[in-house]
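Reading through the structure tokens given below for one structure.
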Amino acid sequence: MSQEIRVWHYGLMAERWAEFLHDTPELSFLKAEIDRHGQPVLDLACGAGRLLLPLRSAGMDIDGCDLSADMLAQCQRLAQEQGLTVELHQAPMHDFHLPRRYRTIYLIGSFGLAGSRQRDLETLRRCYQHLEPGGALVFNIQAEYTSPDTWDRWLTEQAGSLPEPWPTEGRARTASDASEHHAYFRLISMDPLEQTYERQVRLEKWQRGELVDRQELSLRGQMYLKNEVLWMLELAGFGDVELHGDYTPHPASAESDELVFTAIRQE
């Protein structure tokens, strides 16, 4: 299995995140977890600061780390525009070495993107090493089985339908500088035996009716179910683990779309 990290958080995609993707449905849950477990905080795979910047604005002692220099540049730009100072580090999530330890580390929407299951396990180990005793790692996985469209892709009879054709219409948005951004997404492959997938995006940027930039990028990830993740957390050294559903205080159930793990480093 390839060890290559393949993510699409560069160039026009980094611009797209910084300009348009500001929703923070996870924020209240994360604030509650940080209140429980303490600061300083590390936003691992922080991207353009979607969650980091609101928490920094609230006065929290928080650092960011991401693989993509483009994402970090966007995060720094947005922080400056908001009058915030942020400490950012560029490193892959499975191989980061930061100068301090944290009471809370969170990894939202990115677990499974390190390139392999071994690297995902190493990500958990790196987080354990960067936590103070009693500190917490908070991260999520998507429950594939709650989406019929996604779960059907696990069926062998669906294999012949991939790769999907490009959609005829993209997701169009207008930026603050009046440029138009179009995004076309498709699924390239799904391997239920290896529990991996690959997606592709075509991005276009238009100004005054003219195409000024166009990029095609791919993202490859691992798919997980609950018990495999619990086993990986045990291998990484974590003790107590809580499992919540959909960023609520309630325990996860079979109906939860997002499974949110809070894993504690032993005292």
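The values are calculated or read from the model by the stated rules, or taken from the named source; none is laboratory data. For clarity, every value in this text was computed on a predicted model and none was experimentally measured. As a convention, Cβ positions derive from the backbone with ideal geometry for all residues, glycine included, and neighbour counts pool all protein chains shown.
Residues checked against (1) touching a helix residue (DSSP H, G or I) at 6+ places or on another chain (Cβ under 9 Å); (2) assigned to a helix (DSSP H, G or I); (3) of a type in the set (A, V, I, L, M):
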position: Leu113; (1), (2), (3): yes, no, yes
position: Arg119; (1), (2), (3): no, yes, no
position: Cys127; (1), (2), (3): yes, yes, no
position: Thr150; (1), (2), (3): yes, yes, no
Only one residue in Val86, Val138 is modelled with pLDDT of 95 or more, among the β-branched types (Val, Ile, Thr), more than 17 Å from the chain's Cα centre (by Cα) and not assigned by TED's automatic domain parsing to the domain that holds Arg199. Which one? Val86
If you take the residues in region 12-26 that are out of contact with any helix residue (DSSP H, G or I) (no Cβ under 6 Å at 6 or more places or on another chain) and not in a loop (DSSP other than H, G, I, E, B), which one is surrounded by the fewest Cβ atoms within 10 Å (Cβ to Cβ)? Phe20
Counting just the residues of region 156-177 that are without any contact (Cβ under 8 Å) to a residue 12 or more places away in the chain and farther than 22 Å from Met13 by Cβ, which one comes out nearest to the chain's Cα centre (by Cα)? Ser161
Test Gln76 against the stated conditions and say whether it is part of a loop (DSSP other than H, G, I, E, B) and within 22 Å of Arg100 (Cα to Cα). no
Here is a check on your reading of the model: is Ile105 part of a helix (DSSP H, G or I), in contact (Cβ under 8 Å) with a residue 12 or more places away in the chain and either closer than 24 Å to Leu243 by Cα or over 16 Å from the mean Cα position of the chain (by Cα) (or both)? no
If I filter region 243-250 for residues that are in contact with a helix residue (DSSP H, G or I) (Cβ under 7 Å, 6 or more places away or on another chain), assigned to a loop (DSSP other than H, G, I, E, B), touching a residue at least 60 places away in the same chain (Cβ under 8 Å) and of a type outside the set (Val, Ile, Thr), do I get at least one hit? yes
Conditions (1) over 17 Å from Gly109 (Cα atoms); (2) not in a strand (DSSP E or B): number failed by Asp63: (2)
Those residues that are buried (at least 24 other Cβ atoms within 10 Å of the Cβ) and assigned to a loop (DSSP other than H, G, I, E, B), I need them from region 27-60; list them, please. Ala45, Cys46, Gly47, Ala48, Gly49
Matching residues, region 227-237, being in contact (Cβ under 8 Å) with a residue 40 or more places away in the chain and either within 21 Å of the chain's Cα centre (by Cα) or part of a strand (DSSP E or B) (or both): Val229, Met232, Leu233, Ala236
Residue check for Ser176: at pLDDT below 95 and either assigned to a strand (DSSP E or B) or farther than 30 Å from Gln129 by Cα (or both): yes
Is it true that some residue in region 188-195 is in a loop (DSSP other than H, G, I, E, B), among the charged types (D, E, K, R), surrounded by 12 or more Cβ atoms within 10 Å (Cβ to Cβ) and free of Cβ contacts under 8 Å to residues at least 24 places away in the same chain? no
